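Heads up, the thing below is written out as structure tokens.
Values in this text are rule-based calculations from the coordinates and carry no lab data. A quick note: this is a predicted structure, and the numbers were derived from the prediction, not measured. Here Cβ is always computed from backbone atoms with ideal geometry, including for glycine, and neighbour counts include all displayed protein chains.
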Amino acid sequence: MGDCKLTYVFRRPRFPIICNIDGELVAGSTAQHFERRMGKVTLPSGRVFKIVDATGEGWVLHTDLGVISPLTLDKQWTKSRVIGMFNTSLNAQRAALRYPPRSLANRRLEAVIRDVVELLRQAEQTVPRDARKDACA
């Protein structure tokens with residue numbers, strides 16, 4: 001996406017957010033952090049990618065418009081779905097990380113999402129830079 005400046009339709013998601021780009025997860029703790037991370041990813045035009053925010057609300061990224069919108073049929077995410085997305089992601093596989101599906105009844109969804117964002121940060125630090133590749137390059 002190069003120099004990535006995103007527009008938010010209606011309102012902003014609650015940060016942190018996680019975007020799934022064909023199995024490669026990109027997360028950001030703030031709007032600026034997310035835009036900086038997305039600027040390093042090559043995105044195909046004409047695609048829509050799923051995003052989950054800190055509350056578990058579903059959002060979408062429209063690459064043609066550079067827009068993040070809450071208008072999606074996939075509105076509510078669960079703890080197990082967020083964990084499954086991370087555990088099957090390319091990031092987790094490269095860094096050999098897993099989110100253990102331990103007693104999730106005692107964890108809030110927001111805490112699980114923050115844990116996943118932290119694991120993504122760890123995965124980025126674990127994998128040598130030249131082993132990483134753009135999600136859609």
The range 66-117: C-alpha gyration tensor shape, a/c 1.5 cut-off, then a/b vs b/c: oblate
Within the range 69-84, backbone nitrogen closer than 17 Å to the virtual label 7 Å beyond the Cα of Glu110 toward Cβ: 77-79
Cβ-placed point charges (K, R +1; D, E -1), dipole of the range 7-127 about Cα centre in debye, nearest 20: 300
Interchain or long-range residues, amide H under 5 Å from Leu25's placed H: Leu90, Asn91
Three semi-axes of the equivalent ellipsoid, the range 12-85, Cα gyration tensor, whole Å, largest first: 18, 14, 12
Sparse-neighbourhood loop sites, trypsin sites (Lys or Arg not before Pro) in the range 1-79 - DSSP loop, at most 16 other Cβ within 10 angstrom: Lys5, Arg11, Arg14, Lys40, Arg47, Lys75
Proxy reagent accessibility, fewest Cβ within 10 Å first, across Tyr99, Tyr8: Tyr8, Tyr99
Sorted by Cβ neighbour density within 10 Å, fewest at the top, the residues His33, His62: His33, His62
Whole-number percent relative contact order across the chain, with pairs defined as alpha carbons under 8 Å at least 6 apart: 27
Entry for Kirkwood radius over Cα pairs in Å (calculated from the structure that is shown) out of (1) 17.0; (2) 15.0; (3) 15.9: (2)
Percent RCO, i.e. relative contact order, over the range 28-73, from Cα pairs under 8 Å lying at least 6 residues apart: 25
Extreme residue, positive dipole direction of the range 7-127, given options Met85, Thr7, Ser103 (C-beta unit charges): Ser103
